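A.B. asks: Structure in structure tokens, see below.
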Amino acid sequence: MRAASLTAILLAGSLALSPGAGATTTSFANPAANTINDNTSATPYPSPIVVSGQAGIVTKATVTLTGYWHTCPWDVSALLVGPGGRQSLLMGRLGQGQGCPPASGANLTFDDAAASNVPYPPVTGTWKPTSGAPASVFPAPAPAGPYTAALSQFDGTNPNGTWSRYVVDASTNDTGTIAGGWSLHLDVTSPAASVSPTTVSFGNQAIATTVEQTVTVTSSGGAPLTVGTSAIAGSGEFTIGSDGCASKVLAPAATCQLTVRFTPTGTAASTATLTVPSDDPTSPLTVALSGTGIPAGSTNTTAPATTVAVVPKFTG
């Protein structure tokens, strides 16, 4: 009987897959053996995995129990609880009325997309989370039932924090073990941002006038995007007119807009950079700004197609 490690061990690193825009799959494990005691909770109870450093939301979760042995698998139930308190029954009271054929070293992967429920007795394979009869009961500190046999319960949640796997034996005279511990596999979709246009040219503009253009920020990933407050570095002739993106949380594919103004004070070319921060892991986005001041009253001004308004600058 060994104490469970609180440390999550990264098994497979990060591997880009295709469950959603910006999604990666990462595996974590607690390899400590679990003793399934007779007619009570297993040791340890729960067995934890701590996940950290994941940016985005869960879009799929699967779980593997490694080396499952038990002399009467009908006695056994297993429950997964996420950091936010959501839960999924992995397997519960399988094989009612079918006697006690043993489980012998089965490696069980639970996946909502599997073709079949867990067979009885459980054997190595990939299976749907499966509920049997009677209903599973887990003592505290597990949450009270009823329990849902669906790992989709974790979709849209924050992956970071402690994931807890509870195992209980609900009848007498039989024991078992999960010799290789368990592992958790999470598809995490990160927020992503894009900006249009990526360069803004104000062309030639008369001194002491203000021209304004619009920049659009798009949530281009599969997770909500939080946009920060934009800023401009460079020539002071460029300013932000309005920022409709600051502190906005954009659902996937949603957009927001901000405006940038150019007010030339002299007859020279000017440049600056607009910076748009967000929780996109590649943040910030940048937009190159340029414009040239020409003498007041000149007819050689240019008005870019994206100009929103040209407003005389009054001084008093």
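The values are calculated or read from the model by the stated rules, or taken from the named source; none is laboratory data. Here the structure is a predicted model, which is why all the values come from computation and not from measurement. No Cβ is skipped: glycine too gets one built from the backbone with ideal geometry, and neighbour counts run over all protein chains shown.
A.B. asks: Are there any pairs with C-beta distances below 8 angstrom linking a residue in the stretch 217-240 that is at positive phi to a residue that is buried (at least 19 other Cβ atoms within 10 Å of the Cβ) and not small (Gly, Ala, Ser), with the two at least 6 apart or on different chains, and if so which?
C.D. replies: Correct list of pairs: 234/289.
A.B. asks: Moving to a separate point now. Restricting attention to strands (runs of 3 or more DSSP E) lying wholly within the stretch 232-288, give those where 2 or more residues are more than 22 Å from the chain's Cα centre (by Cα), crowded, with 16+ Cβ neighbours inside 10 Å and among the aliphatic types (A, V, I, L, M).
C.D. replies: Correct list: 255-262, 269-276.
A.B. asks: Residue under question is residue 95, and the condition is that it be surrounded by fewer than 16 Cβ atoms within 10 Å (Cβ to Cβ), in the same structural domain as residue 149 (by TED's automatic domain parsing), in a loop (DSSP other than H, G, I, E, B) and at pLDDT 95 or above; does it hold?
C.D. replies: Considered against the rule, which asks whether it is surrounded by fewer than 16 Cβ atoms within 10 Å (Cβ to Cβ), in the same structural domain as residue 149 (by TED's automatic domain parsing), in a loop (DSSP other than H, G, I, E, B) and at pLDDT 95 or above, residue 95 comes out as no.
A.B. asks: Being surrounded by 15 or more Cβ atoms within 10 Å (Cβ to Cβ) and either assigned to a loop (DSSP other than H, G, I, E, B) or small (Gly, Ala, Ser) (or both) is the filter here, so list the residues in the stretch 113-123 that pass it.
C.D. replies: 114, 118, 120, 121, 122, 123 - these are the residues of the stretch 113-123 that are surrounded by 15 or more Cβ atoms within 10 Å (Cβ to Cβ) and either assigned to a loop (DSSP other than H, G, I, E, B) or small (Gly, Ala, Ser) (or both).
A.B. asks: A further question on this structure: I'd like to check something: does the stretch 166-184 contain any residue that is modelled with pLDDT of 95 or more, within 21 Å of the chain's Cα centre (by Cα), in a strand (DSSP E or B) and not assigned by TED's automatic domain parsing to the domain that holds residue 94?
C.D. replies: no
A.B. asks: Has the stretch 134-144 got at least one residue that is touching a strand residue (DSSP E or B) at 6+ places or on another chain (Cβ under 7 Å), without any contact (Cβ under 8 Å) to a residue 60 or more places away in the chain and surrounded by 15 or more Cβ atoms within 10 Å (Cβ to Cβ)?
C.D. replies: yes
A.B. asks: Something else now. Output the residue which, of all residues in the stretch 259-316 that are modelled with pLDDT under 65 and of a type in the set (Ser, Thr, Tyr), is nearest to residue 210 (Cα to Cα).
C.D. replies: 307
A.B. asks: Residues of the stretch 211-231 being surrounded by fewer than 19 Cβ atoms within 10 Å (Cβ to Cβ) and part of a strand (DSSP E or B), which ones?
C.D. replies: 214, 216, 218, 226, 231
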